Amino acid sequence: MNLKQAISDKINSKTKPLGALGKLEEIALKVALLQNTLSPKITAPTLVVFAADHGIVAEGVSPYPQDVTWQMVMNFIAGGAAINVFTKQNGWNIEIVDAGVNHHFDENLPIRNLKIANGTRNFLYEPAMSEAELHRTFDKAEALVNEIFMSGCNCIAFGEMGIGNTSAAAVIMSKITGLPIHKCAGKGTGLNDDGLAHKIAILQNAMQKHQSHSAKTTLQTFGGFEIAMITAAILKAAENKMLIIIDGFIVTAALLVAHCTNPEVLDCCIFAHQSDENGHKAMLNYLNVTPLLQLNMRLGEGTGAALALPLVQAAVNFLNDMASFDSAEVSEKS
C-alpha cells in the first residue's frame, strides 16, 4: 500500500461518516503527504512580514503617503497591528523584515535588516530593480528561510507591507495570467473610482513601455523587494518541504512567479483566504486552488494566513488524536 492510500485509509477509519470533515480531510492528507508520515505535526509555525517601498507611488497610485510603510513597520515592532494580534492569538512566531523600506531603522530594534535599497525605482520609467538587486533579494530571503527551517519550523507563512505594492502585484498578475490590467488592479488601500481609473492608466502605460519575457524579468521590472523576497522564500520553503500557508493578493502574486519557476510548489501550499482585493479570486482560479476562508479581508500583512493556522492544526489533530471505529468500538456503516 502506498502512503497516500494509507493516509486516506486512516482518515476514513475515524469515527465519522466518509468525508464528513470536508476540507479538513484534504488538509490532513496534504500535510501528511508533505511530511511523508501517517502522524504529521506542526512545529514552530513562523510568519515572516517583509516590508519595502515602491517608486511607483510617485504617480499617485495610492491614497496613502509612502511614510506609512515605515510607520506601520514600527507598529508591527510595537505589537499594535492586526498581524500582531492574530499571530499572538493563534500561536505563530513572527519575524519583521526590512526588505527595502525608505527609512533608517535603529539597529537595536527587533527587525531583520535585509534591506536591498530604500525602495524600488519608478517602473513607469525604468525597471523597478536591477538584475543584481533581484539576485540579492533571493540570496537574502533563501538564507532567512533556511535559518528558520533549521530552528525547527516546518510551517511558514508570509505577509507584506509596502505602500504601492498592489500596483506591482497587479502588473505581475496581468503579465503572468494574461488577464488585462483592469481585471487585476483594485482599489488597494482605499482609492475611489477616479483614483482607480488613474492607477489602471498608469499601470497600462508602464506595461506598454517595458517588455518582459519571463516571470523573473517581470518580477525585476515591476516587482517590489518584499514581493521578490516572498517569491524566493516560497521556493526555498518548498525545497525544504515546509508547509506554506499562502495569504492574499500580494503573496499570491509572488507565488505566481514562484509557480512559473517550479510548479510543484503548490504541493506545499494551503491557501488561507480569498482576499477582497480585486483580482485575487482570478489568481486563485488561475492556479486552480480553493481557499479556506472568505472574510472580505484586504488588509495584507499576512493576516489571512495567521487566521488559517487553527484550521490546519485542527486537521493534523484529528488525524492524530481522533478515535477510529475499531479503537472506539463503534459500528461502521454496513
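The values are calculated or read from the model by the stated rules, or taken from the named source; none is laboratory data. Being a predicted model, the structure only gives us computed values, none of them experimental. Here Cβ is always computed from backbone atoms with ideal geometry, including for glycine, and neighbour counts include all displayed protein chains.
Kindly indicate whether any position in the range 227-240 is outside any helix (DSSP H, G or I), more than 24 Å from Thr189 (Cβ to Cβ) and either free of Cβ contacts under 8 Å to residues at least 12 places away in the same chain or of a type in the set (Gly, Ala, Ser) (or both). Within the range 227-240 (the criterion being outside any helix (DSSP H, G or I), more than 24 Å from Thr189 (Cβ to Cβ) and either free of Cβ contacts under 8 Å to residues at least 12 places away in the same chain or of a type in the set (Gly, Ala, Ser) (or both)), the answer is no, since none of the residues qualifies.
Of the residues Val68, Val97, which is surrounded by 14 or more Cβ atoms within 10 Å (Cβ to Cβ) and in a strand (DSSP E or B)? Write out each step before concluding.
Values: Val68 fails: in a strand (DSSP E or B).
It is Val97.
As a summary of the residue check, His213 satisfies the conditions (1) out of contact with any helix residue (DSSP H, G or I) (no Cβ under 6 Å at 6 or more places or on another chain); (2) touching a residue at least 40 places away in the same chain (Cβ under 8 Å); (3) over 27 Å from Pro63 (Cβ atoms) except for the one numbered (2).
Per the conditions (1) touching a Lys or Arg at 6+ places or on another chain (Cβ under 6 Å); (2) under 15 Å from Gly302 (Cβ atoms), the sole criterion not satisfied by Ile116 is (2). Looking only at residues in the range 274-323 that are free of Cβ contacts under 8 Å to residues at least 12 places away in the same chain and of a type in the set (S, T, N, Q), the one that is surrounded by the most Cβ atoms within 10 Å (Cβ to Cβ) is Asn317. Right, Gly164: over 28 Å from Leu309 (Cβ atoms) and either under 18 Å from the mean Cα position of the chain (by Cα) or basic (Lys, Arg) (or both) or not? For Gly164, the condition - over 28 Å from Leu309 (Cβ atoms) and either under 18 Å from the mean Cα position of the chain (by Cα) or basic (Lys, Arg) (or both) - is met.
Of all the listed residues (Phe86, Phe105, Phe138), the sole one being farther than 16 Å from Phe225 by Cβ, modelled with pLDDT of 95 or more and surrounded by 17 or more Cβ atoms within 10 Å (Cβ to Cβ) is Phe86.
Among the residues that make up the range 311-331, is at least one of them over 20 Å from Gly91 (Cα atoms), modelled with pLDDT of 95 or more and among the hydroxyl-bearing types (Ser, Thr, Tyr)? No: the range 311-331 contains no residue that is over 20 Å from Gly91 (Cα atoms), modelled with pLDDT of 95 or more and among the hydroxyl-bearing types (Ser, Thr, Tyr).
So that you can scan it fast, the table gives a plain yes or no per residue for (1) of a type in the set (Val, Ile, Thr); (2) touching a Pro at 6+ places or on another chain (Cβ under 7 Å); (3) closer than 27 Å to Ala168 by Cα; (4) in contact (Cβ under 8 Å) with a residue 40 or more places away in the chain:
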residue: Ser13; (1), (2), (3), (4): no, no, no, yes
residue: Ala52; (1), (2), (3), (4): no, no, yes, yes
residue: Tyr64; (1), (2), (3), (4): no, no, yes, yes
residue: Trp70; (1), (2), (3), (4): no, no, yes, no
residue: Met74; (1), (2), (3), (4): no, no, yes, no
residue: Ile83; (1), (2), (3), (4): yes, no, yes, yes
residue: Phe86; (1), (2), (3), (4): no, no, yes, yes
residue: Gly100; (1), (2), (3), (4): no, no, yes, yes
residue: Asp106; (1), (2), (3), (4): no, no, no, no
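Do we find that Ala117 is touching a residue at least 40 places away in the same chain (Cβ under 8 Å), in contact with an Asp or Glu (Cβ under 8 Å, 6 or more places away or on another chain) and of a type in the set (Gly, Ala, Ser) in this structure?
yes
Does the range 2-20 contain at least one residue that is of a type outside the set (Ser, Thr, Tyr), under 30 Å from Ser130 (Cβ atoms) and assigned to a helix (DSSP H, G or I)? No, the range 2-20 contains no residue that is of a type outside the set (Ser, Thr, Tyr), under 30 Å from Ser130 (Cβ atoms) and assigned to a helix (DSSP H, G or I). Under the condition of being surrounded by 17 or more Cβ atoms within 10 Å (Cβ to Cβ) and part of a helix (DSSP H, G or I), the residues counted in the range 43-65 number 4. Given the criteria within 17 Å of Glu160 (Cβ to Cβ), among the charged types (D, E, K, R) and touching a strand residue (DSSP E or B) at 6+ places or on another chain (Cβ under 8 Å), does Glu107 qualify? It is false that Glu107 is within 17 Å of Glu160 (Cβ to Cβ), among the charged types (D, E, K, R) and touching a strand residue (DSSP E or B) at 6+ places or on another chain (Cβ under 8 Å). Here Gly188 meets the list (1) over 22 Å from Asn285 (Cβ atoms); (2) out of contact with any Leu (no Cβ under 7 Å at 6 or more places or on another chain); (3) of a type outside the set (Asp, Glu) almost entirely, failing just condition (1). When the criteria are applied in full, Gly60 meets the requirement of being closer than 30 Å to Leu114 by Cβ, of a type in the set (Gly, Ala, Ser) and at pLDDT 95 or above.
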